[in-house]
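First the structure, in the form of structure tokens, and then the observations on it.
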Amino acid sequence: MTPPHPSVDKSVALVTLGCTRNEVDSEELAGRLLAEGWRLVDDAAEADVAVVNTCGFVEQAKKDSIDALLEASDLKGDGGRTQKVVAVGCLAERYGKQLADQLPEADAVLGFDSYRDMSSHLQTILAGGHVESHVPGDRRALLPVTPVERQQGAAGVALPGHGDADRPDDARVPASGPRVIRARLDGRPWAPLKIASGCDRRCSFCAIPMFRGAFVSRRPADVVAEARWLAQQGVKELFLVSENSTSYGKDLGDLGLLEKLLPELTAIEGIERVRVSYLQPAEIRPGLLRAMADTPGVVPYYDISFQHASEPLLRSMRRFGSRASFLELLDRVRADAPEAGVRCNVIVGFPGETEADLDELEAFLTVARLDVVGVFGYSDEDGTEAESYAGKLAPEVVAERLDRFTRLVEELNTQRAEERVGERVEVLVEEIDDEDGSVVGRAAFQGPDVDGVTTVRVPDGAPRPRVGDLVSAVVVGTEGIDLVAEPR
């Protein structure tokens, strides 16, 4: 890829917070900057400019993002190389100028629309110039209301992680077709791959659609092209990410497009596993369940956004479902994939939540046999419908419920892990300890980072696997939700 401008001979570090979707965005930014002559470094202290890709999801994520920006800013006074700190990502997009005014330690706060021209912005900032912070707005208004019209209207809208493949004036687009604007920032044998951005749902507690925008699918050719590129970089597992994977294809005129895409991805040379994330229970179709279970190479992993199990409370959240319907869905999942791993998130302390609602949630979790459950305590999010709800619970009540259900799911998830003892697993090796030689990876039903790991006890004298290898083993024990296995 030939840089469209002379090398700037400057270094940049990308610091990423939040979800795997943000990781894709950072790697796209890295690809753009690398193409324009920037040198990528891992350590912010060794970079001329530190770009912090922030998270704006919940209150704790916002605090973590602020802390990361302040930590990077402190480097400027340590006599090191770092000269400037720039905030990008969801928090920057969501609050823009307001964040810039409240955080003078950041030399710039840039929104998604700045990503295409990030190199010139960073050069301006390093030269002592000023780049105006954007004024936040509701990004849902940037695209047509009708999903099928969005593909025609998306060319002028920034969609981080999509590579902007339809932009005709990008000098880096080869005439041969889709290209990849991305640079790997780690050597992991798995990688997130964005299949869509935004969300059309209107959950009353969630602000994500306001700053990520309406739902837009990536075209299959672009997804497959990036998947092939990732395979060439040594990636063995593709982790398909979006705000709502069950909506994939609806704006391309084919709601069954994900079922057709999965075999294309698993057929790519070098790709051993494909994992689908973030399924909305109200949108899960029997055809999708069958495709996930029947397509060789698609792992039996079901990341389902339940959020609660009380039907009245779910209605207040502007969601659909109930304990009975969710359990029926899990029965369908396990009928197709008996070894399935299922993870979800739930919210406690939502406005108006009663003890009867909590009893319903507890009853669901107790019988659902979920592998991993993330428990969040409700907090108001700016601009959401629930922010205006009556029936708010005192912070100490929310904290008590958060603690109660965290302890409950820790026990239940541990029990579920113990049920796995005796199962045969295929472990993707991700790490080998240099000191004791222990081999750590993930079974097919374990998602990256937050869903537990499997430690493989390789007998003395046996050949040691390498990072990226798949090891066949049998689970012989557990450590909380983590598994211990032996090669078989």
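The values are calculated or read from the model by the stated rules, or taken from the named source; none is laboratory data. Given the structure is predicted, the values throughout are model-derived calculations rather than measurements. Positions of Cβ are generated from backbone atoms using ideal geometry, with glycine treated the same way; all protein chains shown enter the neighbour counts. SASA here: full protein model, heavy atoms, side chains in, ligands and nucleic acids out. Shrake-Rupley method; radii C 1.70, N 1.55, O 1.52, S 1.80 Å.
Give ALA473, ALA462, ALA390 a once-over and let me know the one that is open to solvent by less than 20 Å² (accessible area, probe 1.4 Å) and of a type in the set (A, V, I, L, M). Please lay out each step first, then the result.
Values: ALA462 fails: open to solvent by less than 20 Å² (accessible area, probe 1.4 Å); ALA390 fails: open to solvent by less than 20 Å² (accessible area, probe 1.4 Å).
When all the criteria are applied, what remains is ALA473.
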Residue list for the range 49-72, filter: crowded, with 20+ Cβ neighbours inside 10 Å and out of contact with any Leu (no Cβ under 8 Å at 6 or more places or on another chain)
PHE57, ALA72
Looking at the range 318-330, can you tell me whether even one residue there is within 24 Å of GLY56 (Cβ to Cβ), under 24 Å from the mean Cα position of the chain (by Cα) and in contact (Cβ under 8 Å) with a residue 12 or more places away in the chain?
yes
Examine the range 315-330 for a residue that is touching a Lys or Arg at 6+ places or on another chain (Cβ under 8 Å), open to solvent by 20 Å² or more (accessible area, probe 1.4 Å) and not polar (S, T, N, Q), and state whether such a residue exists.
yes
Restricting the first residue to the range 260-283 and requiring it to be at positive phi and touching a residue at least 24 places away in the same chain (Cβ under 8 Å), which pairs with a second residue that is part of a helix (DSSP H, G or I) and among the basic types (Lys, Arg) meet a Cβ separation below 9 Å and a spacing of at least six or different chains?
GLY270/ARG228
Give me the residue from the range 74-101 that is in contact with an Asp or Glu (Cβ under 8 Å, 6 or more places away or on another chain) and more than 29 Å from ARG139 (Cα to Cα) and, out of that set, most open to solvent (accessible area, probe 1.4 Å).
ARG81
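For the range 207-221: of the residues being assigned to a helix (DSSP H, G or I) and under 11 Å from LEU261 (Cβ atoms), which is most open to solvent (accessible area, probe 1.4 Å)?
The extreme case among them is ALA221.
Any residue at all in the range 387-394 that is closer than 26 Å to ALA368 by Cβ, assigned to a loop (DSSP other than H, G, I, E, B) and touching a residue at least 12 places away in the same chain (Cβ under 8 Å)? Don't jump to the end; show me each part of the working.
First, the residues of the range 387-394 that are closer than 26 Å to ALA368 by Cβ: 393.
If we keep only those that are assigned to a loop (DSSP other than H, G, I, E, B) as well, we get 393.
Then drop every residue that is not touching a residue at least 12 places away in the same chain (Cβ under 8 Å), which leaves 393.
Yes.
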Of all residues being in a loop (DSSP other than H, G, I, E, B) and touching a Gly at 6+ places or on another chain (Cβ under 8 Å) in the range 268-298, which is surrounded by the most Cβ atoms within 10 Å (Cβ to Cβ)? Just the residue, please.
SER277
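Yes/no per residue for (1) modelled with pLDDT of 95 or more; (2) exposed (fewer than 12 other Cβ atoms within 10 Å of the Cβ); (3) closer than 21 Å to VAL241 by Cα; (4) in contact with a helix residue (DSSP H, G or I) (Cβ under 9 Å, 6 or more places away or on another chain):
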{"residue": "ARG116", "(1), (2), (3), (4)": "no, no, no, yes"}
{"residue": "SER119", "(1), (2), (3), (4)": "yes, no, no, yes"}
{"residue": "LEU122", "(1), (2), (3), (4)": "yes, no, no, yes"}
{"residue": "GLY128", "(1), (2), (3), (4)": "no, yes, no, no"}
{"residue": "LEU142", "(1), (2), (3), (4)": "no, no, no, yes"}
{"residue": "VAL145", "(1), (2), (3), (4)": "no, yes, no, no"}
{"residue": "GLU149", "(1), (2), (3), (4)": "no, no, no, yes"}
{"residue": "ALA158", "(1), (2), (3), (4)": "no, no, yes, yes"}
{"residue": "PRO168", "(1), (2), (3), (4)": "no, yes, no, no"}
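Which residue, of ALA221, ALA207, is on the phi < 0 side of the Ramachandran plot and without any contact (Cβ under 8 Å) to a residue 60 or more places away in the chain? Outline the logic, then answer.
On the way: ALA207 fails: without any contact (Cβ under 8 Å) to a residue 60 or more places away in the chain.
Exactly one of ALA221, ALA207 is on the phi < 0 side of the Ramachandran plot and without any contact (Cβ under 8 Å) to a residue 60 or more places away in the chain, namely ALA221.
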Could you look through the range 407-438, keep only residues that are at pLDDT below 95 and in contact with a Ser or Thr (Cβ under 8 Å, 6 or more places away or on another chain), and pick out the one that is least open to solvent (accessible area, probe 1.4 Å)?
SER438
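Identify the residue in the range 21-45 that is in a loop (DSSP other than H, G, I, E, B) and closer than 18 Å to ALA72 by Cβ and, among all such residues, is most open to solvent (accessible area, probe 1.4 Å). Outline the logic, then answer.
Our first condition is that a residue be in a loop (DSSP other than H, G, I, E, B); within the range 21-45, this holds for 36-38, 41-43.
Within this subset, residues satisfying the condition of being closer than 18 Å to ALA72 by Cβ are 38, 41-43.
Details: TRP38: 7, VAL41: 29, ASP42: 144, ASP43: 79 Å².
Among them, the one singled out is ASP42.
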